[in-house]
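What follows is a short report on a single structure.
The values are calculated or read from the model by the stated rules, or taken from the named source; none is laboratory data. Predicted, not measured: the structure shown is a model, and the values here were computed from it. In this analysis, Cβ positions are derived from the backbone assuming ideal geometry, glycine residues included, and neighbour counts consider all displayed protein chains. Just the protein is used for accessible areas: all its heavy atoms, side chains included, with ligands, DNA and RNA removed. Shrake-Rupley method; radii C 1.70, N 1.55, O 1.52, S 1.80 Å.
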Amino acid sequence: MRTYQKTISEGLKNLGIIKEHQIQEALKLQRSHRRRLGQALVELGFIASENIASSLVSQFGISPVNLKAEQIPQEAIELVSYELAALHRVVPVKVEKGILTLATDNLFNFLAVNNLQKFLQNEIEMIYVREDSFNSCLDKIYGEKDKKKEKPTASEFLRQAQSVTGKDEAPIVKLVSLLLEEAYQNRASDVHLEPLEERFRIRYRIDGVLHEVAGPPKRLQGSLISRVKIMAGMDIAEKRLPQDGRIKFSVDNKKLDLRVSTLPALHGESVVVRILDRSQLVLDLEKLGFSPQNKVKYEDLIKLPNGIILVTGPTGCGKTTTLYTSLSQINKPNKKLLTLEDPVEYQLTGVNQVQVKPEIGLTFASGLRSMLRQAPDIIMVGEIRDYETAAIAVQASLTGHLIFSTLHTNDASGAITRLIDMGVKPYLVASTIQGILAQRLIRTLCSKCKKPYTPSKDELEAFNKSPDAIKGITFYQANGCPECNSSGFKGRIGILELLILDGPIRNLISENVVASKIRQAAENKGMRTLRQDGWLKATEGITTLAEVLRVTQQ
């Protein structure tokens, strides 16, 4: 890999042209307004555009060259398709001794070097040309020289993607593979392929937040989506109905399970690829965010012989991971465990797992009814969605089974109201529910770059805290560095609210009181709310107060 790939910002800083705080401010503008780093530095007035070029000359030995299209050999042009050249803002210059020289007008074109070296299986050397020279050369190479030939069409890319394998695979196949590989290496939990009116947008969800990345040209939209559908075993001719599929994918000798969902939208099919990595599955309550106090209470709860334990929260808050961790702790040879899921995300050793299939009549309700004939000790139901499922779960708990399940509610006490709204009698709710765990996921601070700060008055008021309450406590805020991709955060952890039902609370439920009174009674007995648990993690330097407020807003 050539020295061009060293961080330009470090070069500018080493030359004394800009300071660290200016780089950080430019990075914020880059993230919020999708600017190139150099463009952001110029717009903020920190540097003149000519200084960037001069720094490249002195620090990296890269200077603008005069490029003439007629001098570029055909063998180099044939290595780089027009789609790749336009996407990565590169044009081929020459190929000698296995080294492909590319020209670019983007001084910060690091992603192109990384992707193209893998894609083209050549070592890459970069040279810099000015924008007008680059555009002229791009037009002449792929415009005038190729006028006699038809440009590759979406159907041709699709045909190649279906037929080629191994070293002869088509560019569109490699593009999709690189896209998924890059998402995994950036710790993305899912990839969003979104057709818009005038462009094709690609976004990665990293630590629960969506980040837009450079997308391919709009004309490749159909080819890319079709390739993903082929990999997921979907019907590529069906574009009017939603579809679901799965992909087995390997990155760095790690086997990943990708869940794919398509949805017909106004400007094409929207595709979401969920990345599931079993090696990243955390089956430890403490690592999930349980405080020592909540950990002891929850471990006692899941060891009960019968009853219902609920985990609540919105989609993507880690409910399934918490349930898997719970099952792994009580999975013993003398216990029979069954799960009913939609879909089965990870395979648990020693657990019989069933995936619901509504199209053939295997729903949560019918599946749960059948499971009871299997004489299980413990059952996990992916979600209680209706009265029928809730009623069967209640009856199963009354007959000696321990039931785990989830609900979509904002807090723990809200789950009680939700079950009653479904039609379950209050006295049955009171007699069967053992405990309810509400949870959210918050981003954790990057340990390499977090910095201390003093919380504002508004932040303290949001937590009902006074300035005296923070004496002796060090709070941190996000900063940003290469380790965390300049986000200031790396990884996520849970904040939890654990409601244990005791005699007085069961009496309140039987009387069908409002959820706020149940919540207040639980707090009086020591229940720590989601926001209070988040405050605790902020005081420990794990996250920021702003992040806790963002996640716990009602």
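Observations
- The single residue among LYS319, LYS287 that is of a type in the set (D, E, K, R) and either in contact with a strand residue (DSSP E or B) (Cβ under 6 Å, 6 or more places away or on another chain) or within 30 Å of ALA391 (Cα to Cα) (or both) turns out to be LYS319.
- Selected residue (criterion: farthest from LEU180 (Cα to Cα)) from residues of the stretch 196-223 that are open to solvent by less than 10 Å² (accessible area, probe 1.4 Å) and modelled with pLDDT of 90 or more: PHE200
- Hits in the stretch 68-96 - residues which are closer than 13 Å to MET126 by Cα, at pLDDT 85 or above and either in a loop (DSSP other than H, G, I, E, B) or basic (Lys, Arg) (or both): LYS94
- Complete set of residues in the stretch 538-548 that are open to solvent by 10 Å² or more (accessible area, probe 1.4 Å) and either farther than 30 Å from PRO452 by Cα or part of a helix (DSSP H, G or I) (or both): THR539, ALA546
- Residues of the stretch 518-541 that are at negative phi, touching a Leu at 6+ places or on another chain (Cβ under 9 Å) and not basic (Lys, Arg): ILE518, ALA521, ALA522, MET527, LEU530, ASP533, GLY534, TRP535, ALA538.
- Neighbours by Cβ (under 7 Å, 6+ apart or cross-chain): first from the stretch 336-351, closer than 24 Å to GLY245 by Cβ; second open to solvent by less than 10 Å² (accessible area, probe 1.4 Å) and among the aromatic types (Phe, Trp, Tyr): TYR346/TYR324; LEU348/TYR324
- Hits in the stretch 365-396 - residues which are more than 32 Å from the chain's Cα centre (by Cα) and closer than 21 Å to PRO333 by Cα: MET371, LEU372, ARG373, GLN374, ALA375, PRO376, ASP377
- Within the stretch 508-531, tally of residues that are touching a residue at least 12 places away in the same chain (Cβ under 8 Å) and either part of a loop (DSSP other than H, G, I, E, B) or within 13 Å of SER291 (Cα to Cα) (or both): 8
- Subset of the stretch 522-535 that is closer than 17 Å to LEU437 by Cβ and more than 25 Å from the chain's Cα centre (by Cα) - its residue that is most open to solvent (accessible area, probe 1.4 Å): LYS525
- Test for THR406: is it hydroxyl-bearing (Ser, Thr, Tyr) and either closer than 18 Å to LEU323 by Cα or open to solvent by less than 20 Å² (accessible area, probe 1.4 Å) (or both): yes
- Residue within the stretch 332-339 that is open to solvent by 50 Å² or more (accessible area, probe 1.4 Å), assigned to a loop (DSSP other than H, G, I, E, B), out of contact with any Asp or Glu (no Cβ under 9 Å at 6 or more places or on another chain) and more than 19 Å from LEU301 (Cα to Cα) present: yes
- In the stretch 340-364, of all residues being assigned to a strand (DSSP E or B) and loosely packed, with under 15 Cβ neighbours inside 10 Å, the one that is nearest to the chain's Cα centre (by Cα) corresponds to GLN355.
- Of the residues making up the stretch 417-444, those that are surrounded by 24 or more Cβ atoms within 10 Å (Cβ to Cβ) and out of contact with any helix residue (DSSP H, G or I) (no Cβ under 6 Å at 6 or more places or on another chain) are ILE433, LEU437, GLN439.
- Flag if LEU288 is among the aliphatic types (A, V, I, L, M) and either under 23 Å from ARG531 (Cβ atoms) or touching a Ser or Thr at 6+ places or on another chain (Cβ under 6 Å) (or both): yes
- Among the residues of the stretch 288-301, none is identified as free of Cβ contacts under 8 Å to residues at least 60 places away in the same chain and within 29 Å of ASP257 (Cα to Cα).
- Helices (runs of 4 or more DSSP H) lying entirely in the stretch 104-191 (those with 3 or more residues that are at pLDDT below 80 and under 28 Å from the mean Cα position of the chain (by Cα)): 110-120, 171-185
- The residue of the stretch 265-296 that is modelled with the lowest pLDDT, among those that are open to solvent by 80 Å² or more (accessible area, probe 1.4 Å) and among the aliphatic types (A, V, I, L, M), is LEU266.
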